[in-house]
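Peer 1: Could you have a look at this structure, given as structure tokens, before my questions?
The values are calculated or read from the model by the stated rules, or taken from the named source; none is laboratory data. For clarity, every value in this text was computed on a predicted model and none was experimentally measured. Neighbour counts run over all protein chains shown; Cβ positions are idealised from the backbone, glycine included.
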Amino acid sequence: MEFNEYQKAANRTLYGNEQVLTNCALGLAGETGQVVDLVKNYTFRGKDLDKDELKHEMGDVLWYLSQVAEWADITFEDIAQTNIETLNKRYPDGYQN
């Protein structure tokens, strides 16, 4: 699926009001915390990494991120391209240890 196609499809499920940006930003933070907890439990508590749960939570992060971008009228494609340009400037020869 293309980035922008996902963004438009995800927007179909947005229930919004005048506080939609705040709701999405807070939701993004909450869902990111869920991802962090899964990784923390795997890394420090010896739990198995539940990849299905991780995929689910990462999908929730993606949904909220897409809706923040949608609200700001920024396409995922633009975000991805800008990020790659930043990475290329920061690491012109790739990441070196």
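Peer 1: I'm trying to understand the selection: among the residues of segment 1-28, which are surrounded by 13 or more Cβ atoms within 10 Å (Cβ to Cβ) and of a type in the set (Lys, Arg)?
Peer 2: Answer for segment 1-28, where residues must be surrounded by 13 or more Cβ atoms within 10 Å (Cβ to Cβ) and of a type in the set (Lys, Arg): just LYS8.
Peer 1: Quick one: how many residues across segment 41-97 are loosely packed, with under 11 Cβ neighbours inside 10 Å, within 24 Å of LYS8 (Cα to Cα) and of a type in the set (Val, Ile, Thr)?
Peer 2: Total satisfying the criteria: 1.
Peer 1: Considering each of LEU65, LEU38 in turn, give the residue that is within 21 Å of GLN7 (Cα to Cα) and either assigned to a helix (DSSP H, G or I) or out of contact with any helix residue (DSSP H, G or I) (no Cβ under 7 Å at 6 or more places or on another chain) (or both).
Peer 2: Just a single option satisfies the conditions, and that option is LEU65.
Peer 1: Still on this structure, please answer the following. Taking segment 7-51 on its own, how many of its residues are more than 23 Å from ILE79 (Cβ to Cβ), at pLDDT 95 or above and of a type in the set (D, E, K, R)?
Peer 2: Result for segment 7-51: 7.
Peer 1: Could I ask something else about it? If you check GLU5, GLU77, which single one turns out to be among the acidic types (Asp, Glu), part of a helix (DSSP H, G or I), touching a residue at least 60 places away in the same chain (Cβ under 8 Å) and out of contact with any strand residue (DSSP E or B) (no Cβ under 6 Å at 6 or more places or on another chain)?
Peer 2: Of GLU5, GLU77, the one residue that is among the acidic types (Asp, Glu), part of a helix (DSSP H, G or I), touching a residue at least 60 places away in the same chain (Cβ under 8 Å) and out of contact with any strand residue (DSSP E or B) (no Cβ under 6 Å at 6 or more places or on another chain) is GLU77.
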